[in-house]
């Protein structure tokens, strides 16, 4: 079946949007793109505003959405926030997680996100025993993404230890009780379970590997995850250097930074994404760049948890590529994440235009699709996945914008509330600002209530 869309304006990858663009879709892919079509063809669906490739959320912990509004006030840091997060994790089971993740992914759809990378580590029952199907939680997340209409890369996460401990003979402390459900006990057992999960993936679901962090996984076990991902050409993600204390603890135990430990295990490379890298050292930056490794910045979470501002300019200067994630979902707005990369650098350097508008848009689209193992997405071109989202240019944030300034207005002024249409795989998921099948606010309220009620 062929469908045609007429975009009032569309971003085709250049420095600015193009007016009057027709997108032809067939079999879930873009068959043809034609620019300069000033008058809408009679058989084309009109998309008023600016059409972009669908946004890519390269780093998500869906259950963290239940913390919104509950963890942002008062004093504290990442470590105090983490204790609150554990309380929510303890309330999850496959049914509850399906309902929560479905609502969260539907919220992402409303924000123009067509693919999400779920950094998934809530594997087992709260006390650590496996469900009858050891992948029950992961399969619930996959079903949630499917029913919300998104593509999913499920980054099955290896998690073995309670933290780095220089006073321990092993260099690692035991798991805390609330961490027990995150662990498979041994890296080899994780690999076996993840392999079964990968075999069950579907056309809109891909399975990758993740190492929670050097805090939670020892170097020998990191190598198991690296080999697992490389053998399958699968995406490989790591939390790395999110807080100064992580670096300090890693240096005390291993004599090397987290990035150096990952590098020695063979974990860096063009199919690897390091999440945060906020406190990467100069040597780390060189290792990341020379291996062509990607980094996922999550500016809203990094600000919310007082983690710091990532070295985005230094990373790109060294040769790294950047994508974006909403991480803890303090907000779900990839346009906000994109502009914050630039605005943080303006505040730090006193210069404007550190990143071009097109570069920021690419971080939110093509780079995220690449990070998640969908290299044929994130672009409006023939042969690409038919995933695209349309931003209103007549809201109070964007009114008065013309085609010349549409891209800049979308990146620097629009919000997720301005997304009014989204197509994934040729199928409309959002129309007129509403999800086509889900009452998102009602389902969020119900699902969050289940995991936060006293």
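Here, each number is a calculation from the coordinates, and none is a lab measurement. Just so it is clear, the structure is predicted and the values come from calculations on it, not from any experiment. Glycine also receives a Cβ, built like all others from the backbone with ideal geometry; neighbour counts cover every protein chain displayed.
Please work out the FRET efficiency for the pair residue 346 and residue 399, using the Cβ-Cβ distance as r and a Förster radius of 30 Å; give the result to the nearest 0.05. Present the calculation step by step, with values, prior to reporting the outcome.
Numbers: r = 25 Å, r/R0 = 0.82.
That gives a FRET efficiency of 0.75.
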Checklist entry - Do you know the relative contact order of the chain, to the nearest whole percent, from alpha carbon pairs under 8 angstrom that are 6+ apart? => result 22
Item to check | DSSP bridge pairs, the chain: antiparallel proportion in percent, nearest 5 | outcome: 45
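Multiplying the sequence separation of residue 331 and residue 84 by 0.36 nm and subtracting their Cα-Cα distance, what value in nm do you get? Kindly include the intermediate steps, with their values, before the conclusion.
Working: separation 247, 0.36 × 247 = 88.92 nm, distance 1.77 nm.
My answer for the length gained is 87.2 nm.
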Checklist outcome for this item: Taking a label point 7 Å from the Cα of residue 428 along Cα-to-Cβ, the residues of the range 5-23 whose backbone nitrogen sits under 19 Å from it are 5-10, 21-23
Checklist entry - How many angstrom lie between the C-alpha centres of the range 94-166 and the range 305-367? => result 25
Item to check | For the range 250-296 versus the range 171-228, the gap between their alpha-carbon centres in whole angstrom | outcome: 19
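Share of antiparallel DSSP beta bridges in the range 1-153, in percent to the nearest 5? It would help to have the intermediate numbers written out before the result.
Details: 13 of 25 bridges.
In the range 1-153, DSSP labels about 50 percent of beta bridges as antiparallel.
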Checklist entry - If all Cα-Cα distances of the range 345-454 are sorted into 5 Å bins from 0 onward, what percent lands in each bin, rounded to whole numbers? => result 2, 10, 13, 17, 19, 16, 11, 7, 4, 1, 0
Checklist entry - Cα axis of helix 440-452 to longest principal axis of the chain: angle in degrees, 0 to 90, nearest 10? => result 10
Checklist entry - Using a simple spin-label model with points 7 Å from Cα along the Cα→Cβ vector, what separation in nm is obtained for residue 95 and residue 291? => result 4.4
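For a protection proxy built on the mean count of beta-carbon atoms within 10 angstrom, sort 246-255, 169-178 highest first, please. Working shown, then result.
On the way: 246-255: 18.0, 169-178: 14.0.
Those peptides, ordered most packed to least, come out 246-255, 169-178.
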Item to check | FRET efficiency, residue 188 to residue 38 (Cβ-Cβ, R0 56 Å, nearest 0.05) | outcome: 0.35
Checklist entry - Quick one: if you stick a label point 7 Å off each Cα along the C-beta vector at residue 220 and residue 442, how many nm between them? => result 5.5
Item to check | residue 132/residue 199 FRET efficiency (R0 25 Å; Cβ-Cβ; nearest 0.05) | outcome: 0.90
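Between residue 356 and residue 453, 0.36 nm times their residue separation minus their Cα-Cα distance comes to what? The partial results should precede the final answer.
Details: separation 97, 0.36 × 97 = 34.92 nm, distance 4.48 nm.
So the extension gain works out to 30.4 nm.
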Checklist entry - Among [x] 62, 55, 40; [y] 71, 50, 42; [z] 72, 49, 46, which is the computed Cα extents along the principal axes in Å? => result [z]
